[in-house]
Each structure stands twice: as structure tokens, then as C-alpha cells.
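The values are calculated or read from the model by the stated rules, or taken from the named source; none is laboratory data. The shown structure was predicted, so the numbers you read here are calculated from the model rather than taken from an experiment. Cβ coordinates were reconstructed from backbone atoms using ideal geometry, including for glycine residues, and neighbour counts include every protein chain displayed.
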Amino acid sequence: MHPRSILLFLIISVFSFFNLSAQQAKKDRVIIGTVIDTSNQKAVMGATVAAISLSDTTKQSFFLTDKNGGFNFSNLSLGYYRVRISAVGYRPLIIDSIHLRNDRADFNLNDIPLNNQSVELAEVIIFVEKPLIESKDGNITFNVGESALSNGSTATELLKQTPLVTTDADGKIAVRGKEPKILIDDKPVELNAQQLQDLLESMPGSMIEKIEVLTNPPPQYANEQGGVINIVTKKGRVGFGARVNLYAGSRGQTGVSTNFNYRKQGFAVNLNAGVGYNEFQSEGYSNRTNIYKDSSNQLKIINNSFNKSIRPSFRLNVDYELNKRNSFNFVAQYNQGNTNNSGFNRYTNINRFDEISRLSERTVASEGRNYNPSINLSYQHKTKRPGESVRMVYALNFGQSESVRNFFQQFLNADDTPTGVDSTQRQTNNTRSNGYSINIIYDRPSANKKTSLSTGVAYYRNNSHVVLTTDFMKKPENIFQKAELLSNNFKFHQDVISTRVSMKHIFKPGFSFTAGSAFEQTNFLFELFRDNKTEYNRYFNILPFANLNRSWKNGMNLTFAYRRTMRRPGIGELNPAIDYGDPYNLRYGNPDLLPSQSHTFDMVAGKTKSKYFANVSVGYNLVEDVFSQIRTLAPDGKTTVTWNNVSNRQEYEASTWAGLTISRKLRSNISASYTYNKYGTFDKQVRKFRDGGSFTSNFSTNYNPTDLWTFTGAFSFNRFANPQGTVRSNISMNIGAQYKLFKKKVIISINTTDPFIQQQNRVFTYGPNFNLESYNRTQTRNYRVTLSYNFNKTSTVKRKTVDVLKSIKK
């Protein structure tokens, strides 16, 4: 079935569901939740749960939790409620200030932990409704489940809507302009850049609970230059649950994803699977002026392309708690990408007399497949000393990528008539990779609970084998002949051994100091079979860090941080194979690249109140041995783009992120970041580098007129600087509406992407002897409908309403 037919079917279904739901005059007013044991995460059966109306405390509803720890109060009156939970052998728990109202008539309290302590004093929690964006101690939490844009989206699309997070035209993720460490459920993702991009583009947004941006990360990740992004997946309630999502978009987008979860007595299983199909069309041009001593000429290129992709994915997550001190986690993951692309390019060379000196047209057809399975196993042991634990994480991943590109170039006269000369080439790329890692993390607090030790050791190993074959069709025999100079065959191996130790001291509540250092040894080896040689390099680094944090009861917080960071070049930057996709612009990596290191100084100040939060950050970075993509002009009129180490760079950074609760129904958030790069005199005079600034911004708003409707809007604008110029992009827009019906088992979402302006990028590049302007527009406008159905087993134990005054009279 064509994607547009599926979209039409979903639209008809939407209006049918709206019509049926309009017949439901009365809304259920409910409070539901699951009671679990804090020590072992098991369900607490038979706990007494009371829902007490604060406007009339004589009217109370009681519920005994079922075998899954669940309770379900329904048909409640509007108003404020207090929920009181008690069970034999547990400390009583009170959840206060739950407000049932017309715009939100039901609350799911999810897992409610009871402490296994037989004391009379009850623990009191003031209930606060979860906003779309939260901020605490300079860190950001994007509650994906509260967004109308999550259904039908991918992890990549949701990251673009996260404050301070940006992705460039190549899919590279950055936080305040620097590359972060990506975690999934607190476990590091040890993949190369392309594998990570494939993983995030295939991960359904419906499986994500929240995205955490840790600008002030924990000690084990303190040396990451861009902080940490932690993607937390949904775990499900105690018992059985399942969800199915079906979506289709006007751009040709369609897909389905499913989720199954089961939790009981320390055992939990989450299974996610899905497949998505996408289409993109793009068009653009580039104008390059080549400047010589006595003349200049131009190269003008116009291009268009059509890209299709199918991305199936699978993820199995198993948690098992052997006892309250020992727990295991196992994750098996698989994602695949199948691509089919076609493109057209027209090249026009203009001489110094403004005459066409050469004209040609080139068509490109390519097919590609990649497979990325991985497994992750972790074990945690908690000792009898409170807060002391040891955690081990082992990860293993494989990857295989195959692509075939066919090029046909026809040369034309100035009047567009064929010259009779043409050229046919074929480029085949086969890459196999594997990697494994082991992390051991140990945390131990002192007896006085004011000083704590955190230490760990890690080992990472990555291997890649790349075989690139370029063939030219030999005429008149019409047979392909291998071009040795444009082909390559090599293996790449990299080892990283890291040891870390840090101490944290709490002077008093809200005032702490953390200091430590990481010690890293990196080895990498290139086996270049074509050239019959090897290239080996190793480097040792000491990476200290320190953090001073102060917070006050009025919501103010202040953080001063220093860290020494390192950015290692990956296979994408080191790969020496030549990309022949554009005969006038050759691209390849540089196996001689050195790592880039920096001294990073940051200050973050913020204030968090019930109605708003606001944060301001300023920083200074001294970056050594910067490596960046550099374009140079060769004497034959071609340009080469490769990676090179340049001299040091100074960075001045300022950013802000804030949120405002305008009302219970309406909340808005904004973030912006500006980084100014300043290069040395040699680079500016000889290489013609330019100082410049990068600006990123994001605005989002969430409106909940009722508990059934959610409206979300996200807008962003980015401008990136590079040593040779700038990249300008326009505003990106994503607007969504979500409606729940049939007791919220059915969810319908409508998303609109870039309804007014499609995504555009304009790049200006300046070299010592050339100027280049490039423009690209991608047809990102899309109207997507998502239909979701939840299979959740609810509690069946009947509740009873008690009028306390009547009972006393009797």
C-alpha cells in the first residue's frame, strides 16, 4: 500500500474516533498507580490506599492493591486529593495536593516505592505535575512522554527538540557546540559516528521516556567535552503492558512500532520492534570562483537527489534482581538500514572571458545496506554499607556496511549537444567493524557520609576493515577496469585504556566539591594493504577535573567547573579512502590526525522555582591541536576536502535555558547558545581562517487544555561557524496535537513539520585562492498522522467509598 493511501486511511480513522469519542459525555476522573517495595522493586500486594478529598476529609475512598501492586480510583469528584498508602512492615506514605480538574481529570502516579521500615512517622511527598522540560543544578530533562511530538518520531528528531542540543547537516550531535557522550539507560554507547547515527534514526520515539542533558556530568564522564546525553527508555508498569504505533506522512513517510513489557517481583522484560520508511528530495547549487595570479574562473554546479530508506529495529531489555544487593541487566539490540538513492549533477566551467569552457552532466545511482547488532550485559552489587556499590558493564557490537554507487557522466558542447564522450564509473564500499568494552565503576562513601570515593577502569577496543573498489568502464570493450589509485584496502584498530579516581566532599547540605583525574592510554594501528605499510601511533593523557557546587533553599544554584578534555579522531576522520562522489571535489580522511585536547572552564548559575527556572552559563575553552575539515584548491581546478590539525583555538561560550509555567495548561521553554572561535595569527594570515561565532536556539511550548488534548510546538534556528566560513540554516518547525480516547487506550497524534519554510542550508567557504557558496534545500515539509493503541491490564479489585461521619453515627 502506498504511504499516501495509509495516510488517508489514518485521517479517516482519526475523524471516526473523534466522532465516537464525542458521544462520551462524561469523563472518568481517576487516580491510578502501582505500589512497590523500594528494596527489591517487587509489587506490594494488599496495601491499603486511601484517596481523601481535601475539601471534605470525611469522604474517603479505599483500595486494596492487587497482586501486581496496582490500585485504580475512578468516578472521583473534582478537587484536591491526598493519597495515603500503608502496609504492614512499611513506612506509611502520603502523596499530597493531587488536583483533579476539568482540564486534567486523571493521574497515573506510576511506581510508588514504600520504604521497608516499621516506623510510625509517615513520609510526605508533595505531588508536582511533570512538565515538558525540567532543570535542576544546570542539568536538563526533556520528558518525551509529555510531548505530542513523540509518537511517530525517531530519537534523532526528538534530540533536535531538546534544549541546547543541535544536529548539523551531517547528523553530528552537539551540546553547546561540543560533542557529548551518548548513554542509553545510563550505559555508554560505544559505536562509531555512522553506527550511532543509524541507531538513533531507527529508534522509535515512543519507547523513550525522557532525555537527560547533563552539562555537569557525574565523575565517570566528567572529561566529556560536551557533557552527557542520557536517553532513558520506558520500563512499563508492574504486570503486562503493550503498545502498537502506526504512522504515515504526506512526504512518503510510513512505519509501525510495537512495545511489549512485563514486570513482576524483580524481573522485567521490555521488547521494542519497528520498521520505518522515509523519502527525501533535495536540490541545490554551488558557485566556486578559483583565483589565480593572472586570472580567475568559475565552476557552477546544480544538483538534485531523491533518497529512500527502510530502517527496521529491534531491542530487548531484561532486568533481573537476584536480591536487594545484586542485580543484572541484559540488552540485545539490532538495527538495519537499507537505502536507495539517485541524483543528478550539472557541471559548468566558465573561463576568465565568462565563456563556457566545459559542460557535463552526471547521474548517480546508489544502493546501500548496513547491519548493526549489539549486546550489553551489566551487573551491580550493593554492599551492606549504604551507598557503596560496584558496577560492571560489558558491551559487544558488530557492524557491516555495503554500498554500490554507479556514475555516468556525459560531456556536452556549450549549446548542450553531446560531444560523444562519456564516462562510467562504479565505486563499491564494504566495511566490517566490531568492538567491545568493559567498564568497572566503584563508589564508596565514608563513615561520616560527607566524603565519598568514586573510581573506575575501562577498556575499549574497535576494529574496522574497509575495502573500497573503484572501477572505470573501458571502451570500446565495455568492461570495468579497476582504478588502483582510487581504491583502497585497510584495517583500523584502536585501543583505549582508562583509569579514573575522584573524591567528593560535602561541606554542608547544598555545598560540595568534587575533584579527580582520568589517565588514558590510546593506541591505534592502520594496516594499509594497498601501499603495503602500517601506521602506528600512541598517546598518553592525564585529564584532571574539578567541580564546586553551591545550592540554596530558595532555589538558587551556582557551579564552577574545570576539566581537561580530549577529542579523538574516529574512523570517519582517519579513513584515507577517496570519495569519488563529486569529480571536482574529492573527499578523504587523514590517518595522521592527532587528538584535540582542551582546557575547559565553565560557570553555571541558575534558579528554580515552582513557576519557572532560569540558567545562565559562561565558559572559556583553550583547544589544542584542533582538527577540522579543510578545503584546498589544486592546480587542476579541483578541490580536496580532508581533515587536518590546525593550531590552537580559543572559544568563548555563553548559553541560557529557561522555562516558564504560564498556567497549569500552558508552559514554555527557551534555550540559546553562542560560541565565538578565535584562531591564531598564522592560521588567519596563511590559511585565511576567519574568527566566527556559532549560534543555536530552541523554543518549545506545551498546551494541555484538557487531560485528553496536548498541543506541542518546537522551533529552532542554528548558525554554525567553521575555520573557512559559516553554515547558515533557517528556522525548523515542528507542531503537534495529540488526543486520547477510549479511556486513553487510543492515542491519535497529528504532527506538522516545516509547514512554511523547508529546511535550507547555505554554506560560505573562503580559501587562500577560492571562494565558494553552496546552497541546499531538502523537502522536509510533512504532515504525519500517528495512531497508537495501549494494551494495559488495569487493577480489578473493587474500591469502596466510606463516609466517616455516617460510620461514626452508626
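From THR642, THR701, grab the single residue that is assigned to a strand (DSSP E or B) and buried (at least 18 other Cβ atoms within 10 Å of the Cβ).
Testing whether each residue is assigned to a strand (DSSP E or B) and buried (at least 18 other Cβ atoms within 10 Å of the Cβ) leaves just THR701.
Being among the basic types (Lys, Arg) and either farther than 29 Å from ASP186 by Cα or crowded, with 18+ Cβ neighbours inside 10 Å (or both), is that true of even one residue in the range 248-263?
yes
In this structure, does PHE519 turn out to be more than 30 Å from the chain's Cα centre (by Cα), surrounded by 15 or more Cβ atoms within 10 Å (Cβ to Cβ) and assigned to a strand (DSSP E or B)?
For PHE519, the condition - more than 30 Å from the chain's Cα centre (by Cα), surrounded by 15 or more Cβ atoms within 10 Å (Cβ to Cβ) and assigned to a strand (DSSP E or B) - is not met.
This table checks each residue for (1) assigned to a loop (DSSP other than H, G, I, E, B); (2) at pLDDT 95 or above; (3) surrounded by 15 or more Cβ atoms within 10 Å (Cβ to Cβ); (4) among the hydrophobic types (A, V, I, L, M, F, W, C).
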residue	(1), (2), (3), (4)
ASN317	no, no, yes, no
GLU321	no, no, yes, no
SER327	no, no, yes, no
GLN336	no, no, yes, no
ARG346	no, yes, yes, no
ARG352	yes, no, no, no
LEU377	no, yes, yes, yes
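Yes/no per residue for (1) surrounded by fewer than 16 Cβ atoms within 10 Å (Cβ to Cβ); (2) part of a strand (DSSP E or B):
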{"position": "VAL404", "(1), (2)": "yes, yes"}
{"position": "GLN410", "(1), (2)": "no, yes"}
{"position": "ASP415", "(1), (2)": "yes, no"}
{"position": "SER437", "(1), (2)": "no, yes"}
{"position": "LYS449", "(1), (2)": "yes, no"}
{"position": "SER452", "(1), (2)": "no, yes"}
{"position": "VAL457", "(1), (2)": "yes, yes"}
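Can you tell me which condition THR254 does not meet? The list is (1) farther than 21 Å from THR141 by Cα; (2) at pLDDT below 90, and all the others hold.
With respect to (1) farther than 21 Å from THR141 by Cα; (2) at pLDDT below 90, THR254 is out only on (2).
Can you pull out the strands (runs of 3 or more DSSP E) entirely within the range 744-797 that have at least 2 residues that are within 20 Å of VAL727 (Cβ to Cβ) and aromatic (Phe, Trp, Tyr)?
759-767, 770-778
Looking at ASP707, ASP683 in this structure, which one is surrounded by 17 or more Cβ atoms within 10 Å (Cβ to Cβ), touching a residue at least 12 places away in the same chain (Cβ under 8 Å) and part of a loop (DSSP other than H, G, I, E, B)? Reasoning before the result, please.
Details: ASP683 fails: part of a loop (DSSP other than H, G, I, E, B).
That would be ASP707, the only listed residue that is surrounded by 17 or more Cβ atoms within 10 Å (Cβ to Cβ), touching a residue at least 12 places away in the same chain (Cβ under 8 Å) and part of a loop (DSSP other than H, G, I, E, B).
Can you tell me which of (1) more than 32 Å from the chain's Cα centre (by Cα); (2) within 28 Å of PHE601 (Cα to Cα) is the one THR455 doesn't meet?
(1)
Is it true that GLY171 is more than 30 Å from VAL44 (Cα to Cα) and either assigned to a helix (DSSP H, G or I) or modelled with pLDDT under 85 (or both)?
Numbers: more than 30 Å from VAL44 (Cα to Cα): yes; either assigned to a helix (DSSP H, G or I) or modelled with pLDDT under 85 (or both): yes.
So GLY171 passes the test.
Residue check: is SER313 of a type outside the set (A, V, I, L, M, F, W, C) and surrounded by 20 or more Cβ atoms within 10 Å (Cβ to Cβ)?
Taking the combined requirement at face value, the residue satisfies it.
For the range 531-556, name all the residues that are of a type in the set (D, E, K, R) and in contact with a Phe, Trp or Tyr (Cβ under 7 Å, 6 or more places away or on another chain).
Answer for the range 531-556, where residues must be of a type in the set (D, E, K, R) and in contact with a Phe, Trp or Tyr (Cβ under 7 Å, 6 or more places away or on another chain): GLU535, ARG550.
Hey, among VAL256, VAL213, which residue is within 30 Å of THR431 (Cβ to Cβ) and of a type in the set (A, V, I, L, M, F, W, C)?
VAL256
I'd like the full set of residues that are of a type outside the set (Lys, Arg) and surrounded by fewer than 21 Cβ atoms within 10 Å (Cβ to Cβ), limited to the range 166-181.
THR167, ASP168, ALA169, ASP170, GLY171, GLU179
Give me a count of the residues in the range 227-239 that are modelled with pLDDT of 85 or more and either more than 16 Å from the chain's Cα centre (by Cα) or small (Gly, Ala, Ser) (or both).
1
PRO569 fails exactly one of the following numbered conditions: (1) more than 17 Å from VAL228 (Cα to Cα); (2) part of a strand (DSSP E or B); (3) within 27 Å of the chain's Cα centre (by Cα). What is the number of that condition?
(2)
Conditions: (1) surrounded by fewer than 17 Cβ atoms within 10 Å (Cβ to Cβ); (2) at pLDDT below 90; (3) aliphatic (A, V, I, L, M); (4) farther than 25 Å from PHE540 by Cα. ALA605 meets all but one. Number of the miss?
Against the list (1) surrounded by fewer than 17 Cβ atoms within 10 Å (Cβ to Cβ); (2) at pLDDT below 90; (3) aliphatic (A, V, I, L, M); (4) farther than 25 Å from PHE540 by Cα, ALA605 comes up short only on (2).
Report, by residue number, each residue of the range 200-251 that is in a strand (DSSP E or B), out of contact with any Leu (no Cβ under 9 Å at 6 or more places or on another chain) and under 25 Å from THR752 (Cβ atoms).
Scanning the range 200-251 gives PRO204, GLU209, LYS210, ARG243.
Restrict the check to the range 490-498 and report whether at least one residue is modelled with pLDDT under 90 and more than 27 Å from the chain's Cα centre (by Cα).
No, there is no match, as no residue in the range 490-498 is modelled with pLDDT under 90 and more than 27 Å from the chain's Cα centre (by Cα).
For residues in the range 429-480 being of a type in the set (Lys, Arg) and farther than 20 Å from SER374 by Cβ, which is modelled with the highest pLDDT?
So, considering only residues that are of a type in the set (Lys, Arg) and farther than 20 Å from SER374 by Cβ, the one modelled with the highest pLDDT is ARG444.
Looking at the range 368-390, is at least one residue out of contact with any Gly (no Cβ under 6 Å at 6 or more places or on another chain), touching a residue at least 60 places away in the same chain (Cβ under 8 Å) and more than 30 Å from GLY266 (Cα to Cα)?
Checking the range 368-390: not a single residue is out of contact with any Gly (no Cβ under 6 Å at 6 or more places or on another chain), touching a residue at least 60 places away in the same chain (Cβ under 8 Å) and more than 30 Å from GLY266 (Cα to Cα).
Testing ALA721 on (1) under 23 Å from TYR766 (Cα atoms); (2) surrounded by fewer than 16 Cβ atoms within 10 Å (Cβ to Cβ); (3) not polar (S, T, N, Q), one condition comes back false. Which one is that?
(2)
Quick check: anything in the range 291-309 within 30 Å of PRO188 (Cα to Cα), acidic (Asp, Glu), modelled with pLDDT under 95 and over 22 Å from the mean Cα position of the chain (by Cα)?
So far as the range 291-309 goes, no, none of its residues is within 30 Å of PRO188 (Cα to Cα), acidic (Asp, Glu), modelled with pLDDT under 95 and over 22 Å from the mean Cα position of the chain (by Cα).
Pull out all pairs, ordered by first then second residue, where Cβ-Cβ is under 7 Å, the residues are six or more apart or on different chains, the first lies in the range 351-366 and is more than 25 Å from TYR580 (Cβ to Cβ), and the second is in a loop (DSSP other than H, G, I, E, B).
Qualifying pairs under 7 Å: ARG352/SER295.
When only residues in the range 417-434 that are within 38 Å of the chain's Cα centre (by Cα) and free of Cβ contacts under 8 Å to residues at least 40 places away in the same chain count, which is surrounded by the most Cβ atoms within 10 Å (Cβ to Cβ)? Step through it out loud before you land on a result.
The initial filter retains those residues of the range 417-434 that are within 38 Å of the chain's Cα centre (by Cα), namely 425-434.
Next, only the ones that are free of Cβ contacts under 8 Å to residues at least 40 places away in the same chain stay: 430-432, 434.
Details: ASN430: 15, THR431: 21, ARG432: 16, ASN434: 15.
Only one residue tops the list, namely THR431.
Before we move on, is ASN575 of a type outside the set (D, E, K, R), over 15 Å from ASN644 (Cβ atoms) and either touching a helix residue (DSSP H, G or I) at 6+ places or on another chain (Cβ under 7 Å) or buried (at least 17 other Cβ atoms within 10 Å of the Cβ) (or both)?
Judged against the criteria, ASN575 is not a match.
For LEU191, work out the one condition from (1) assigned to a loop (DSSP other than H, G, I, E, B); (2) under 27 Å from THR254 (Cβ atoms); (3) within 12 Å of the chain's Cα centre (by Cα) it doesn't fulfil.
(3)
Counting just the residues of the range 656-685 that are within 17 Å of ASN615 (Cα to Cα) and among the β-branched types (Val, Ile, Thr), which one comes out nearest to the chain's Cα centre (by Cα)? Don't jump to the end; show me each part of the working.
Initial filter on the range 656-685 (within 17 Å of ASN615 (Cα to Cα)): 656-661, 667-675.
After this cut, where a residue has to be among the β-branched types (Val, Ile, Thr) as well, the list is 656, 661, 670, 675.
Working: THR656: 20, THR661: 25, ILE670: 18, THR675: 21 Å.
It comes out as ILE670.
Quick test for you: out of GLY145, GLY152, pick the one residue that is touching a residue at least 60 places away in the same chain (Cβ under 8 Å), assigned to a loop (DSSP other than H, G, I, E, B) and among the small types (Gly, Ala, Ser).
Result: GLY152 is the single residue among GLY145, GLY152 that is touching a residue at least 60 places away in the same chain (Cβ under 8 Å), assigned to a loop (DSSP other than H, G, I, E, B) and among the small types (Gly, Ala, Ser).
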